[in-house]
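Please read the structure below before turning to the comments.
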Amino acid sequence: MRFFTVIFVLAALVVSCSKKEKKQAILSENNMREVMWDMIRADQYVSDFIMKDSTRNKKNESIKLYDEIFQIHKITREQFKKSLDYYGSRPDLFKPIIDSLAVRKNDFAPPFHPLPSLNPIKPINKDSLARSLHNRKVAE
């Protein structure tokens, strides 16, 4: 009986330790959201500014920025990939992350308001030339 108790306790310890390791390897939803937000912003930066410079390689610049993001958030590329795979396999957890990023993107982008022109263009009527000629003749 004592043998089975020891086996049961050891099995419980192994299972509990493996769950902790798995949870530590996966980013929390909030951390995943923040990392993905920074990656979206990095991609936007590359698209808006780096692509205009023909001497720079888009892929290399993206990799550099991603590595900086991983350093800022104190995670590894492998940890991010594991987390992305985990959340990708769990749509019930991944959908709220993606939805919150979409809302955040809309809140982040300022609405487009065209500036009013200082010298608005007035439409030219075909008759305006004829009227000015007519007014000259009448005045003479």
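Subtracting the Cα-Cα distance of Arg90 and Asn31 from their residue separation scaled by 0.36 nm leaves 19.6 nm. Using a simple spin-label model with pseudo-atoms 7 Å out from Cα toward Cβ, Asp67 and Lys81 lie 1.6 nm apart.
Computed from the coordinates by the stated procedures, all read-outs in this text should not be read as laboratory data. The structure displayed is predicted, hence computed values, not measured ones. Heads up, the Cβs are rebuilt from the backbone with ideal geometry, glycines too, and the neighbour counts pull from every protein chain shown.
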